[in-house]
Amino acid sequence: GCGHLVGLQFTTVEKAAAFAKKLNDRCIDSSAQLYKADCPPAVLLKPPVISSPATMRYLTSAIDELL
């Protein structure tokens, strides 16, 4: 694809869950991967492959602000 996959790792399950909630509260679809014992807590985002540059700038700006 076009590289439209984002995975952010967190140090704790709580931090990952809180970040995913903040994104979802802004209507940015994300999922928190918190259940796999062998993997660090992570938040995944999969923007559509048809996302425009403006959409990707909005997404990266929101991620930056919320972090």
Task: Gain upon complete extension [Asp25, Asp38; 0.36 nm per residue less C-alpha separation] - done: 1.8 nm
Task: Label point distance in nm, Leu5-Ser61, each placed 7 Å from Cα along Cα→Cβ - done: 2.8
- [ ] Starting from the residue with the highest accessible area, list Ile50, Ile63 in decreasing order, probe 1.4 Å.
- [x] Ile50, Ile63
TODO: Using a 1.4 angstrom probe on heavy atoms only, work out the carbon and sulfur share of the accessible area of the chain in %.
DONE: 58
Open item on the list: If you take Rg/Rh (Cα atoms, Kirkwood Rh) from the coordinates, which of [x] 0.95; [y] 0.98; [z] 1.24 do you get?
Closed with: [y]
- [ ] Using only Cα atoms, find the angle between the long axis of helix 13-25 and the longest principal axis of the chain, and express it within 0 to 90 degrees, rounded to the nearest 10.
- [x] 30
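Relative to the Cα centre, what is the charge dipole magnitude of the chain, using +1 at the beta carbon of each Lys and Arg, -1 at the beta carbon of each Asp and Glu, and rounding to the nearest 20 debye?
Once rounded to the nearest 20, the dipole reads 60 debye.
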- [ ] Determine ³J(HN,Hα), in whole Hz, for all residues of the stretch 49-61 in sequence, where each value follows from phi through the Karplus function 6.51 cos²θ - 1.76 cosθ + 1.60 and θ = phi - 60°; x replaces Gly and Pro.
- [x] 5, 8, 4, 7, x, 5, 5, 5, 5, 4, 4, 5, 5
Task: Order of exposure, largest accessible area first, which applies to Thr12, Thr55 with probe 1.4 Å - done: Thr55, Thr12
- [ ] Please report the relative contact order for the chain, taking Cα pairs under 8 Å with a sequence separation of at least 6, and give it as a percent rounded to a whole number.
- [x] 38
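Tell me the per residue accessible area of the chain using a 1.4 Å probe; a whole number in Å² is fine.
Result: 70 Å² per residue.
The values are calculated or read from the model by the stated rules, or taken from the named source; none is laboratory data. From a predicted model like this one, the values you see are computed outputs, not experimental measurements. Here Cβ is always computed from backbone atoms with ideal geometry, including for glycine, and neighbour counts include all displayed protein chains. Accessible surface is based on the protein model in full, side chains and every heavy atom, while ligands, DNA and RNA are left aside. Shrake-Rupley method; radii C 1.70, N 1.55, O 1.52, S 1.80 Å.
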